[in-house]
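*Asks:* This is the structure I have questions about; it appears just below.
The values are calculated or read from the model by the stated rules, or taken from the named source; none is laboratory data. These figures come from a predicted structure and were not determined experimentally. All Cβ positions, glycine included, derive from the backbone under ideal geometry; neighbour counts span all protein chains shown.
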Amino acid sequence: MIFKLLTAALAVVGAVLLLLSLTTLIPGDPATVLLGPRATPEAVAALNSQMGLDLPLPIRLVRFLAHAFAGDLGRDVMSGRPVADMVIESLPNTALLAVSAILLAILFGIPLGALSAVRPGRIADQLIAFLSVGFVSAPSFVSSIFLLLVFALWLDWFPVLGAGERGDFLDQLWHVVLPAVALGITWVGYVARLLRSSLLEVLNEPYIRTMRAYGLSEAVVLLKYALKPACIPTLAVLGMGVGELLGGAVFAEVIFNRPGLGSLIYGAIETRNYPVVQGGVLVVVILYLLTNVVVDLSYVWIDPRVRLQMQSRGRA
Amino acid sequence: MDWRKLLREITSTRAGTFGVISVGLLLVIAVFAPLFAIHDPNAIAPMDRLQPPSAMHFFGTDQLGRDLYSRVIYGTRIAIGVAVVVISVSLIVGILLGVSAAYAPRPVDQLIVSAFDIINSFPRLILALALVAVLGPGLTNVILLISIAFIPQFGRVARAQTLAMRNSLFFEAEAVLGAEPWRILLHHVLPNIIGPIFVLASMNIPVVITIEAGLSFLGVGIRPPLASWGGLLHDGYTYLDQSPWLALTSGLALMVATLGFTLLGEALRDAIDPKLQQAR
């Protein structure tokens, strides 16, 4: 556990180093790019100093990490607002979107995968296989636009843009449906395909044959004994998928005009607002790495085999 | 490698056959784009803006009156071209770094692995966005930054395969017989690691196509007047209520390409990976 957290912390330091050194790669300097060719040297120097870009890289790294550790991610060069406040404000919308997409993937992906594995080769299996591969191949920005076109513009079933009224949770849920479907549909396909193959493997295990020989019904065998171990690889993929989901959230937020972490980073890139880009990307990296650590640790809780392995290693 | 046998294996399923046909068709369109296009993809005709599909313009026209069918055809060239170059660059650099890490002393190995870990700690699209914030948009930069994001994958596989090879008996036998390290590398290591890397490359092509289109859609990738599917989709999004053809045609082209490459990649993996073959 400590080793995993330490590795994740080192990766965060490395990511910060990469983010900070990126700004040194730019031809000219970020302030010149930001202010334009007609800016006075004094204005450029002042903005560079405001963004902390006049300091050597190692000092910037230490300063950035020390400030970030204290919750200070710098200030937006446009509005002067603390980046940490902007990130915290945008996080709930992105969290609602990501959690809804993951729930969708689990709620639809697992039953579809299980149905497919129970009757391999049948029409349902072939249909699910066809749908799953279609879902997997649909980039989230294409699904977002198609869903927007059909369900918001043509059928007028869902709101076109925005994240809903603040404080009105039902309205927010109503607004998250299309973006969550656009983001989660790929993962429905992934989960269904992965669960199908791992469930087929589990259903061929000797202990399942023994359960059947004892006369247990197929439903009990499937739901009580086969589904849980088959879900473990799916969990790993979902954990790794959080990073992709956060990336995909950029598209869903831009297309549906939702405020969130993705649209915050995208807006900052358009205006070359480096402190916001750095702060936003750093938070995404931390969330991504933390999710991976949590997924790794959840194996111990879900899979007794891993728990036993760890215990025997501890004794040795 | 027996290419005929491989093709037979790949086309033994319907999904694999679809993958081969669609990818083959896309490659032909990309190479011979001028033969398939019916108009100059960049010719502006303001009087014909946002036209629906017709005999003159199969997919209609965009906001500047350019023929959408011809732009989608030329977009194939960009999508496939970027994917091929990105995969080639990241594959070559990845193999070089991965094999060097496996052969190098421990500190150098650790350094290379740490660099891979740092790059992997970013979600790929977020890394591409962070890089584009610095490098700026454009074809060369898009190729460069997507390649950087994919190098660790190839590097890790190349390193792991080389390390496994170094511990094998035939490797030891070659060394005892006095073979030079470069000879072992060229004649034994590379041919043995190329299979899994080839599979990885084919599985990554649709991902590269999606990232390039995504960046272009966000306006930070390939810039107009070059016709990229992501750029066309962006125009389609802007004029979605007036002319859905823009978004529908470019979006479908993108989906066919990702679907075709995904199915081909999976069929290739099943044909090449003997472990999976046994499992089937």
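*Asks:* Tally up the residues in segment A:205-246 that are closer than 14 Å to residue A:118 by Cβ and part of a loop (DSSP other than H, G, I, E, B), please. Walk me through how you get there before you give the answer.
*Replies:* Of segment A:205-246, the ones closer than 14 Å to residue A:118 by Cβ are A:208, A:212, A:217-223, A:225-227, A:230.
Still in the running and part of a loop (DSSP other than H, G, I, E, B): A:217.
Going through segment A:205-246 one residue at a time, the tally reaches 1.
The rows are residues; the columns are (1) within 24 Å of residue A:143 (Cα to Cα); (2) surrounded by 15 or more Cβ atoms within 10 Å (Cβ to Cβ).
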| site | (1), (2) |
| --- | --- |
| A:162 | yes, no |
| A:165 | no, no |
| A:172 | yes, yes |
| A:182 | yes, yes |
| A:188 | yes, yes |
| A:191 | yes, yes |
| A:195 | yes, yes |
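*Asks:* For segment B:121-142: of the residues being among the polar types (S, T, N, Q) and more than 8 Å from chain A (Cβ to nearest Cβ), which is surrounded by the fewest Cβ atoms within 10 Å (Cβ to Cβ)?
*Replies:* Taking segment B:121-142 and keeping what is among the polar types (S, T, N, Q), we get B:121, B:140-141.
Subset that is more than 8 Å from chain A (Cβ to nearest Cβ): B:140-141.
Details: B:140: 9, B:141: 18.
Selected residue: B:140.
*Asks:* Continuing with this model, one more query. Across segment A:47-59, what is the number of residues that are loosely packed, with under 15 Cβ neighbours inside 10 Å and touching a residue at least 12 places away in the same chain (Cβ under 8 Å)?
*Replies:* Residues that pass the stated criteria total 1.
*Asks:* Which one of these is farther than 21 Å from residue A:257 by Cα, not in a helix (DSSP H, G or I) and not β-branched (Val, Ile, Thr): B:196, B:206, B:225? Break it down stepwise before answering.
*Replies:* Details: B:196 fails: not in a helix (DSSP H, G or I); B:206 fails: not in a helix (DSSP H, G or I).
When all the criteria are applied, what remains is B:225.
*Asks:* Go through A:77, A:160, A:177, A:87 for me and flag whichever is under 21 Å from the mean Cα position of the chain (by Cα), within 14 Å of another protein chain (Cβ to nearest Cβ) and over 24 Å from residue A:232 (Cα atoms). Step through it out loud before you land on a result.
*Replies:* Values: A:77 fails: under 21 Å from the mean Cα position of the chain (by Cα); A:160 fails: under 21 Å from the mean Cα position of the chain (by Cα); A:177 fails: within 14 Å of another protein chain (Cβ to nearest Cβ).
So the residue among A:77, A:160, A:177, A:87 that is under 21 Å from the mean Cα position of the chain (by Cα), within 14 Å of another protein chain (Cβ to nearest Cβ) and over 24 Å from residue A:232 (Cα atoms) is A:87.
*Asks:* Which members of segment A:251-277 meet the condition of being more than 26 Å from residue A:185 (Cβ to Cβ), assigned to a helix (DSSP H, G or I) and more than 8 Å from chain B (Cβ to nearest Cβ)?
*Replies:* The answer is A:275, A:276.
*Asks:* Of the numbered conditions (1) away from chain A (no Cβ under 14 Å); (2) without any contact (Cβ under 8 Å) to a residue 12 or more places away in the chain, residue B:118 satisfies every one except a single condition; which is it?
*Replies:* (1)
*Asks:* Return the total of residues in segment B:170-192 being part of a helix (DSSP H, G or I) and either closer than 30 Å to residue A:186 by Cβ or of a type outside the set (Val, Ile, Thr) (or both). Don't jump to the end; show me each part of the working.
*Replies:* Within segment B:170-192, the first condition is being part of a helix (DSSP H, G or I), and the residues that meet it are B:170-176, B:181-192.
Cutting the leftovers down to either closer than 30 Å to residue A:186 by Cβ or of a type outside the set (Val, Ile, Thr) (or both) gives us B:170-175, B:181-183, B:185-188, B:190-192.
Number of matching residues: 16.
*Asks:* Something else now. Do we have residue B:180 as of a type in the set (Asp, Glu), more than 10 Å from chain A (Cβ to nearest Cβ) and without any contact (Cβ under 8 Å) to a residue 60 or more places away in the chain here?
*Replies:* Values: of a type in the set (Asp, Glu): yes; more than 10 Å from chain A (Cβ to nearest Cβ): yes; without any contact (Cβ under 8 Å) to a residue 60 or more places away in the chain: yes.
Answer is yes for this residue.
*Asks:* When you scan segment B:55-63, do you find a residue that is under 27 Å from the mean Cα position of the chain (by Cα) and surrounded by fewer than 20 Cβ atoms within 10 Å (Cβ to Cβ), even just one?
*Replies:* Checked against the condition, which is being under 27 Å from the mean Cα position of the chain (by Cα) and surrounded by fewer than 20 Cβ atoms within 10 Å (Cβ to Cβ), segment B:55-63 yields no hits at all.
*Asks:* Another question, if that's okay. How about segment B:149-169: which of its residues are surrounded by 19 or more Cβ atoms within 10 Å (Cβ to Cβ) and outside any helix (DSSP H, G or I)?
*Replies:* none
*Asks:* Restricted to segment B:238-254, and to residues that are under 21 Å from residue A:135 (Cβ atoms) and at the interface with chain A (Cβ under 9 Å from one of its Cβ atoms), which residue is surrounded by the most Cβ atoms within 10 Å (Cβ to Cβ)?
*Replies:* B:250
*Asks:* Would you mind telling me which numbered condition in (1) crowded, with 16+ Cβ neighbours inside 10 Å; (2) over 30 Å from the mean Cα position of the chain (by Cα) residue A:232 fails?
*Replies:* (2)
*Asks:* While we're on this one: Assess whether residue A:248 counts as being at pLDDT below 80, closer than 19 Å to residue A:104 by Cα and at the interface with chain B (Cβ under 9 Å from one of its Cβ atoms). Step through it out loud before you land on a result.
*Replies:* Numbers: at pLDDT below 80: no; closer than 19 Å to residue A:104 by Cα: yes; at the interface with chain B (Cβ under 9 Å from one of its Cβ atoms): yes.
For residue A:248, the condition - at pLDDT below 80, closer than 19 Å to residue A:104 by Cα and at the interface with chain B (Cβ under 9 Å from one of its Cβ atoms) - is not met.
*Asks:* Does residue B:230 count as at pLDDT below 90 and either at positive phi or crowded, with 23+ Cβ neighbours inside 10 Å (or both)?
*Replies:* No; evaluated as a whole, the condition is false for this residue.
*Asks:* Exactly one of these conditions fails for residue A:203: (1) under 15 Å from the mean Cα position of the chain (by Cα); (2) touching a residue at least 24 places away in the same chain (Cβ under 8 Å); (3) crowded, with 19+ Cβ neighbours inside 10 Å. Give me its number.
*Replies:* Exception for residue A:203: condition (1).
*Asks:* Residue by residue through segment A:102-148, note down the ones that are part of a helix (DSSP H, G or I), under 20 Å from residue A:180 (Cβ atoms), within 14 Å of chain B (Cβ to nearest Cβ) and not polar (S, T, N, Q). Walk me through it before giving the result.
*Replies:* Here is the first cut: in segment A:102-148, the ones part of a helix (DSSP H, G or I) are A:102-118, A:123-137, A:140-148.
The next check asks that each one be under 20 Å from residue A:180 (Cβ atoms); those that pass are A:102-113, A:131-132, A:134-137, A:140-148.
Narrowing further to those that are within 14 Å of chain B (Cβ to nearest Cβ): A:131-132, A:134-137, A:140-148.
Answer for segment A:102-148, where residues must be part of a helix (DSSP H, G or I), under 20 Å from residue A:180 (Cβ atoms), within 14 Å of chain B (Cβ to nearest Cβ) and not polar (S, T, N, Q): A:131, A:134, A:135, A:136, A:141, A:142, A:145, A:146, A:147, A:148.
One line per residue, one yes/no per condition, for (1) of a type in the set (A, V, I, L, M); (2) touching a residue at least 40 places away in the same chain (Cβ under 8 Å):
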| residue | (1), (2) |
| --- | --- |
| A:61 | yes, yes |
| A:70 | yes, no |
| A:74 | no, yes |
| A:82 | no, no |
| A:88 | yes, no |
| A:92 | no, no |
| A:101 | yes, yes |
| A:105 | yes, yes |
| A:108 | no, yes |
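*Asks:* Let me ask something additional. Of all residues in segment B:185-208, count the ones that are touching a Leu at 6+ places or on another chain (Cβ under 7 Å) and either within 14 Å of chain A (Cβ to nearest Cβ) or closer than 13 Å to residue B:83 by Cα (or both). Give the steps one after another, and end with the answer.
*Replies:* Taking segment B:185-208 and keeping what is touching a Leu at 6+ places or on another chain (Cβ under 7 Å), we get B:197, B:199, B:201-202.
After this cut, where a residue has to be either within 14 Å of chain A (Cβ to nearest Cβ) or closer than 13 Å to residue B:83 by Cα (or both) as well, the list is B:201-202.
Qualifying residue count, segment B:185-208: 2.
*Asks:* Looking at segment A:124-160, which of its residues are over 18 Å from residue A:187 (Cα atoms), surrounded by 14 or more Cβ atoms within 10 Å (Cβ to Cβ) and touching a helix residue (DSSP H, G or I) at 6+ places or on another chain (Cβ under 8 Å)?
*Replies:* Correct list: A:124, A:148, A:149, A:151, A:152, A:158, A:159, A:160.
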